[in-house]
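See below for the structure under consideration.
Just so it is clear, none of the values below were taken in a lab; they were calculated from the coordinates. Not measured: the values here are computed from a predicted model. Positions of Cβ are backbone-derived with ideal geometry, glycine not excepted, and every protein chain shown enters the neighbour counts.
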Amino acid sequence: MEVKIKSMKHEDFKDNEYIDNLVEQLRAGGTNIIVGKLDQLMNWGVSNSLWPLCFGTSCCAIEFMCLGAARYDMARYGFEVARNSPRQADYIMCQGTINYRMAPALKRLYEQMAEPKYVIACGSCTVSGGRRVPARLPAPSRGLLLCPDAAAAQDQGAEVLWRREPQGETGPQV
Amino acid sequence: MADIENKITQLCPQAQVDTTGEFPLVTVDDAQWHDLARALKNQLHYDVLSAVVGMDWKEALGCVYYLTNTDTHELLHVKVATTDRENPRLHSVCDLWPVANFQEREVYDFYGIVFIGHPDMRRMFLRTDWVGYPLRKDYDPASNPLRLEDETNEDYTCRWVEDENGKVKKIEGKVFEDDEYVVNVGPQHPSTHGVMRYRASLDGEIVKKIDVVSGYIHRGIEKMCEDLTYPQMLLYTERMDYMAAHINRHCMCMCVEKALGLEVPRRAELIRLMMDELMRLSSHLLSYGCLTMDQGATTAFFYGFRERELIYDIFDRTCGARMSMSYSTIGGVVADVHEDFIKDVRNACDVIEKALKEYHKLFTGNVIAVNRMTGVGILTKQDAIAYDITGPSGRASGWHCDVRKTNPYSLYNEFDFDEIVYENGDSMDRYMVRMKEMEQCIKILRQACDKLEAEGIQGEYCAPKVPKVMKLPAGHWYQQVEASRGAFGVYIESDGNTKPVRVHFQSPCFNLIGVVDLTCKDNMIADLITITASLDFVIPDIDR
């Protein structure tokens, strides 16, 4: 059966019965079809292509490179496309100390990112260094103890974000 | 020792020479300092200014200069002080040793000492609107709250000059001329290998001048150390050059051991040496990975990191951490090595030796690599010495500066290895020195494995009982080691308490940024990335 979206009237899109019938007809005709909200599709896409900003200030950045290399391979979440511009990035993995001179720069980078945006605080410098970072997702608890944050812990942090993002949840602003 | 005392009193009769310490100490007034410095350099061949340590002795402000003789590799230190706390002024030695340019700016930044004759007297690490001088003993930490507004660019500089009558005058100047085209690179930029900022003046694609703006990761480790006990301080040594974490910590341990007169068990010293070499290997592998990636060879990066994981596994099994292992301790090492340690090291050596051949096949002969690195960013031997560029970058320029050979420490004089020295001093040579040095690391590690096996039983005790709170006798000490990027020095001054009066870290990377302008001048802006990658600095080591 031939279905043309163009032929559907505007009201029909809101009519669940009409759409259910249409889906049944299509399935009967051998076409595989999934019905869902466009938001879900968007979230699924976003969660599997979260691109980090290259933002390594100190030691944790080396572990971030290990995360990108073969053993930890963050490409399996679709996270491997490390961006150099905040405008193309979805999250900052803040690796290392943020001092007084760097703080305005980090704030500006955060503001330049497009929504939805996330910050992962890595390692003990960022998490408890006494500076205020707008971290929406705290690093995994192991990260608090580790200095620098081992690649495995960063991996775990990325995974938390990956699992959380499809529901459109945002963590508490710390 | 007496010989040097005579020579110096001949050169400058007012200078006091003390030869009782580890290195001869010359105390001289600021008025005679510049003349003495020139004589020391030209007549006694103290060609290298190894360290400038700013000091606040409460009654006086001043500097301690460490000089190295390139012929005999002997060290000497000179103390220059001023009692004026309101307007402290010393004479600059920037014209004799260009390395003093950044070193003196650092001292100005932290102590407010103005150097007469310095061409560019600006702050080095702190924000332009910073109030006060943080390493002075009377500094109030509350005077600088966190400011989230952007700081302004530092377009103006100044210098102080002295006329014939001894009157000092301030002359304002500009960093860049009005008609120059200035491009900003950093601080958040992937190819600066951290948070480093350059302001490059361009003529088309050609770099005319580079102004290095540093301090985006300055944590004030030296200040923090003044409030810590000696074992606590060790923790911070690993967070500077994290690619030489073990080596830096080893250096600090050696400096404290020297002050206390402690002897380290041979097995512990051997383990430390092996860890140092593993660290160097891992650092050079990282350098390979980053240098290749900066030129677009992403695959080579994965190869380099594949082998690094082997070394990390060894660290992880023995020390419980992949980086910043906190393994050396004052008097020895924390615990004995893992039971499979020797087996793992031998395996890693075999794998990396094979992999090195693969790396060369993958990258070294590649036409892009050859064209972008050969003859680019040349640093002459003369400049390397003048700017105190040690480590692989200095050896690529033909300077024999390996501290393991010149002033052997630990057990290095028992080992058979070569110092890799190249001649041209371009990016390619810096890269090749690292590649060849990895082979030497493997050679040392294999010998060390044999020695460790012969040495004793597994689990034998590795650290003598050292009290947790220790008091160093009053005095000052300086220790140098060969870190992965050059000579790393630790200066400790103690007044006999549990906490030091002053700790200074002389980092090799800080000198490396001094030649960025020199090596990049008249090259393409794209080569800035290759040259800085081949110099291979670690930003937290610069800023400390």
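Give the Kirkwood hydrodynamic radius (Å, one decimal) of the range B:221-543, defined as one over the mean of 1/r across all pairs of different Cα atoms.
It works out to 20.1 Å.
Using a simple spin-label model with points 7 Å from Cα along the Cα→Cβ vector, what separation in nm is obtained for B:ASN413 and A:GLU115?
About 6.9 nm separates the two model spin labels.
Quick check on the exposure proxy: order B:PHE415, B:PHE315 from fewest to most C-beta atoms within 10 angstrom.
Exposure proxy ranking, most exposed first: B:PHE415, B:PHE315.
For B:ASP129 and B:ALA60, FRET efficiency with R0 = 35 Å and r from the beta-carbon atoms, rounded to 0.05?
Here the calculated transfer efficiency is 0.80.
What percentages, rounded to whole numbers, describe P(r) for the range B:112-259 computed over all alpha carbon pairs with 5 Å bin width beginning at zero?
P(r) over the range B:112-259, rounded to whole percents: 2, 7, 12, 14, 15, 16, 14, 10, 7, 3, 1, 0.
Once every Cα of the range B:179-312 carries one equal point scatterer and solvent is ignored, give the base-10 log of I(q)/I(0) from the Debye formula at q = 0.13 Å⁻¹, two decimals.
Per q value, in the given order, log10 I(q)/I(0) is -0.80.
Order of B:ARG430, B:ARG266, A:ARG83 from fewest to most other C-beta atoms within 10 Å?
Going from least to most buried by this count: B:ARG266, A:ARG83, B:ARG430.
Would you list, by chain and number, the aspartates and glutamates whose Cα falls below 19 Å from the Cα of B:LYS465, excluding same-chain residues fewer than 8 positions away?
B:GLU257, B:GLU263, B:GLU269, B:ASP336
With equal scatterers on the alpha carbons only and no solvent term, can you work out the Debye log10 of I(q)/I(0) for the protein assembly as shown at 0.06, 0.11 1/Å?
Taken in order of the listed q values, log10 I(q)/I(0) reads -0.38, -1.21.
Would you kindly compute the Cα radius of gyration of the range A:41-101 and its largest Cα-Cα separation (Dmax), both in Å?
Expressed in Å, the Cα Rg and Dmax of the range A:41-101 come to 12.4, 41.
Please state the Cα pair-distance histogram of the range B:1-137 with 10 angstrom bins from zero: what percent is in each bin?
Taking every Cα pair in the range B:1-137, the percentages come to 12, 44, 32, 10, 1.
7 Å from Cα along Cα→Cβ at both B:GLU86 and A:ARG76: what's the point-to-point distance in nm?
Between B:GLU86 and A:ARG76, the simple spin-label model gives 6.9 nm.
Stokes-Einstein at 37 °C, 0.692 mPa s, Kirkwood radius from Cα pairs: D for chain B in µm² s⁻¹?
Value of D from the Cα-based Kirkwood radius: 136 µm²/s.
Provide the FRET efficiency to the nearest 0.05 for the A:ARG87-B:ASN165 pair, computing r from the beta carbons and using R0 = 56 Å.
Step by step, r from the Cβ atoms, then E = 0.45.
What distance in nm separates the two pseudo spin-label positions at B:ASP150 and B:GLN43, each 7 Å out from Cα along the beta-carbon direction?
In this crude label model, B:ASP150 to B:GLN43 measures out at 5.4 nm.
Apply 1/(1 + (r/R0)^6) to the Cβ-Cβ distance of B:GLU353 and A:VAL46, taking R0 = 60 Å, and write down the FRET efficiency to the nearest 0.05.
0.85
Cut-off under 30 Å on the C-alpha distance; same-chain residues fewer than 8 positions from B:LYS167 excluded. Which lysines are left, in chain and number order?
B:LYS41, B:LYS58, B:LYS79, B:LYS137
Return A:CYS60, B:CYS253, B:CYS319 ranked ascending by Cβ neighbour count within 10 Å, so the fewest neighbours appear first.
Ranked by crowding around the Cβ, least crowded first: B:CYS319, B:CYS253, A:CYS60.
What percent of all Cα-Cα pairs in the range B:300-443 falls in each 5 Å bin, counting up from 0?
2, 9, 14, 16, 18, 18, 13, 8, 3, 1, 0
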